[in-house]
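Chemist: Shown below is the structure under consideration.
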Amino acid sequence: MRQSNLYIILYAAAITIVCGGALALASQGLKPLQDANVELERKQSILTTVLPLKKGDDINALYAARVKESVIDFQGKVKEGLKASDIDVAKEYKKKPEERLLPLYEFRDQTDLTKVNNVVLPVYGFGLWNDIWGFVALQADLNTIQGVSFQHKGETPGLGARISSEEIQDRFKGKSIFDADVLKSVFIQKGEGNDYSNDPHKVDGISGATLTAKGVNNMFVDYFTCYKNYLKKNQSTITQNL
Amino acid sequence: MSTEIAEVVEKKSEPLFSKKNKKLITNPLDIDNPITVQVLGVCSALAVTTQMMPALVMAIALLVVTASSNVIISLLRNTIPSRIRIIVQLAIVSLWVIMVDQLLKAYVYEVWKQLSVFVGLIITNCIVMGRLEAFAMGNKPGPSLLDGLGNGFGYGLILLLVGFFRELFGGGSIFGFKVFEALGINYTGNGLLLLPAGACIIVGIIIWVQRSINGFREAH
């Protein structure tokens, strides 16, 4: 009986249904917790670009108090009625730059909540093996980089994966993306250990990760172009308010 | 073949912690260790042991998967059609692995990110499939549970041992606590230990020490 084809087919079907059902239940039951983790990570990545986070900081509270989210389009106009947290940057990345919905995060001053200290932009691109993404915080002049944070899906450990380390991310601090009125972006150079402190558009390279660095450079050009209209439009108004 | 073993064991009714069953737990810790003696599951032992925290979580994950898969397969062993038994085993193992993966993602997100693909790869870990095929298919749930736990502990023991040396001498800390800094010693981490090659060397040394203690001789 145990060897008959019918028994085998029914047995396989039963195992599939039971296992599938159990997994579906688990996945549905744990989804709220998992989504909360992903959301917390997003908030954390945004905050790390503008200030050093300590262990035990209440990220949700800090975020709610000081970050104002909005969504803009390629022209730099604010899209009303859309929430930045609902925008899937990975999905928008696949569209043409002109058609993307662009989330924008304003980091407000601790005492004066009307004052914008930093503007944080999401960036998304492709490294050597898989997607890379992150956030870039600009200072109130909408030109100088306050800080960056990168994450990756599958860059080579020890080489390209170093983009997610503080050591590499710190190299971007203080660099500028505009030269007068022209968008120049920031480029990671080839070769490591060179001093680029005098050049506001160049960043020391990552040895053995030239292609991942190229991915980061392309990602920057791509997204700074997307936000260019907004940045140029607001550069004057925000500076006046300082 | 599997039914023969089943009969032999099932004829005797023995307490769960009989002398023979206790061996199911203790043997994999030493003379039948899955990593150092059977040389199974080495890939993940190299990959997740740069720090002790991920090593510990990985060890617990594997322990849960081997123990629970062993019990389920043992309960089902008399109903599983032998022609599709490997597929059934694989389905049960995958079930538990995905469960563990989902739980880790929900409760220890940071560690889950660090372990990344390796939890998923427990499915292909030879220790799990090996125990199912060699033990759970022919034994009662009780001993199967002990066998699963024993092999999980044996794997975890080596993982933690390797993780201890790699984190201490590679990064100067234990479970993230900066040991040398606390002792006031200026220590520069040995980068080799953080590379997979460093883990290979440590596993090799462990095997060497273990074999000299147990008086192991290679069969010629």
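Rule-based calculations on the coordinates, nothing more; no lab input. Since we're looking at a predicted model, the values are computed, not measured. No Cβ is skipped: glycine too gets one built from the backbone with ideal geometry, and neighbour counts run over all protein chains shown.
Chemist: Over chain A, what is the percentage of antiparallel beta bridges among all DSSP beta bridges, to the nearest 5?
Modeler: Values: 30 of 32 bridges.
Rounded to the nearest five, the antiparallel share is 95 percent.
Chemist: Scattering from the C-alpha atoms of chain B alone, worked out with Debye: what is log10 I(q)/I(0) at q = 0.10, 0.11, 0.16 1/Å?
Modeler: -0.49, -0.59, -1.09
Chemist: Let me ask something else. Between residue B:40 and residues 5 or more places away or on another chain, which pairs have amide H atoms under 5 Å apart, with H built 1.01 Å from N, and which residues are they?
Modeler: Result for residue B:40 returns B:35.
Chemist: Okay, moving on. Counting only other chains, and only Cβ atoms inside 10 Å, what mean value do you get across the residues of B:76-88?
Modeler: 3
Chemist: Starting from 0.36 nm per residue, how many nanometres of slack lie between residue A:153 and residue A:18 once their C-alpha separation is accounted for?
Modeler: That works out to 45.4 nm of additional length.
Chemist: Quick one: among B:158, B:86, B:73, which has the greatest mean-square fluctuation in a GNM of chain B with alpha-carbon springs under 10 angstrom?
Modeler: It is B:86.
Chemist: For the range A:69-241, calculate the relative contact order in percent as a whole number, restricting contacts to Cα pairs under 8 Å that are 6 or more residues apart. Walk me through the numbers before you get to the answer.
Modeler: Numbers: 346 pairs, mean separation 33.5, N = 173.
Rounded, it is 19 percent for the range A:69-241.
Chemist: Restricting things to Cα coordinates, could you compute the convex hull volume per residue of the range A:69-241 in Å³?
Modeler: Looking at the range A:69-241, the number lands at 120 Å³ per residue.
Chemist: Using the Karplus curve 6.51 cos²θ - 1.76 cosθ + 1.60 with θ = phi - 60°, what ³J(HN,Hα) values do you get for each residue of the range A:168-177, in whole Hz, with x for Gly and Pro?
Modeler: Result, ordered by residue: 6, 5, 5, 5, 7, 4, x, 6, 10, 9 Hz.
Chemist: Using the alpha carbon gyration tensor of the range A:119-198, what are the three equivalent-ellipsoid semi-axes (square root of 5 times each eigenvalue), largest first, in whole Å? Don't skip to the end; give the middle numbers.
Modeler: Details: eigenvalues 98, 47, 25 Å².
Result for the range A:119-198: semi-axes of 22, 15, 11 Å.
Chemist: Given the peptides B:207-214, A:146-153, arrange them by the average over their residues of other C-beta atoms within 10 Å, most packed first.
Modeler: Descending mean neighbour count gives A:146-153, B:207-214.
Chemist: If one puts a single equal scatterer on every Cα of the range A:1-158 and applies the Debye formula without solvent, what log₁₀ I(q)/I(0) results at q = 0.10, 0.14, 0.18 Å⁻¹?
Modeler: Values, matching the q order: -0.51, -0.82, -1.20.
Chemist: Just tell me how shielded A:154-161 is by partners: mean number of partner chain Cβ atoms within 10 Å of each residue's Cβ, no decimals.
Modeler: The mean count of partner-chain Cβ atoms within 10 Å per residue comes to 1.
Chemist: When the scattering of the protein assembly as shown is computed by the Debye formula from its Cα atoms alone, each counted once and equally, what is log10 I(q)/I(0) at q = 0.07, 0.12 Å⁻¹?
Modeler: Debye intensities relative to I(0), on a log10 scale: -0.50, -1.10.
Chemist: When only alpha-carbon atoms count, how far does the range B:38-162 stretch along each of its three principal axes, as whole angstroms with the largest first?
Modeler: 42, 28, 22
Chemist: Sticking with this structure for a sec: Spelling out what I want: for every residue of the range B:56-61, take phi, set θ = phi - 60°, compute 6.51 cos²θ - 1.76 cosθ + 1.60 (Karplus), and round to whole Hz; glycine and proline get x.
Modeler: 5, 5, 4, 4, 5, 4
Chemist: Could you run the Karplus curve 6.51 cos²θ - 1.76 cosθ + 1.60 with θ = phi - 60° over the range A:101-114 and give me ³J(HN,Hα) per residue in whole Hz, x for Gly and Pro?
Modeler: My calculation for the range A:101-114 gives 8, 10, x, 9, 10, 9, 9, 8, 5, 5, 8, 9, 6, 8 Hz in order.
Chemist: Which residues' amide hydrogens lie under 5 Å from the amide hydrogen of residue A:151, considering only partners 5 or more residues apart or on another chain, with H built in the peptide plane?
Modeler: Amide H to amide H, under 5 Å and 5 or more residues apart or across chains, residue A:151 pairs with A:133, A:134.
Chemist: Sorted by average packing, counted as other Cβ atoms within 10 angstrom per residue and highest first, what order do B:125-135, B:140-150 take?
Modeler: Ranked by mean Cβ neighbours within 10 Å, highest first: B:140-150, B:125-135.
Chemist: How shielded is B:103-110 by partner chains, expressed as the average number of their Cβ atoms within 10 Å of its Cβ atoms?
Modeler: Details: counts 4, 1, 7, 11, 4, 1, 7, 2.
Average neighbour count from other chains, rounded to a whole number: 5.
Chemist: Can you tell me what share of the DSSP beta bridges in the protein assembly as shown is antiparallel? A percent to the nearest 5 is fine.
Modeler: Looking only at bridges with both residues in the protein assembly as shown, the antiparallel portion is about 95 percent.
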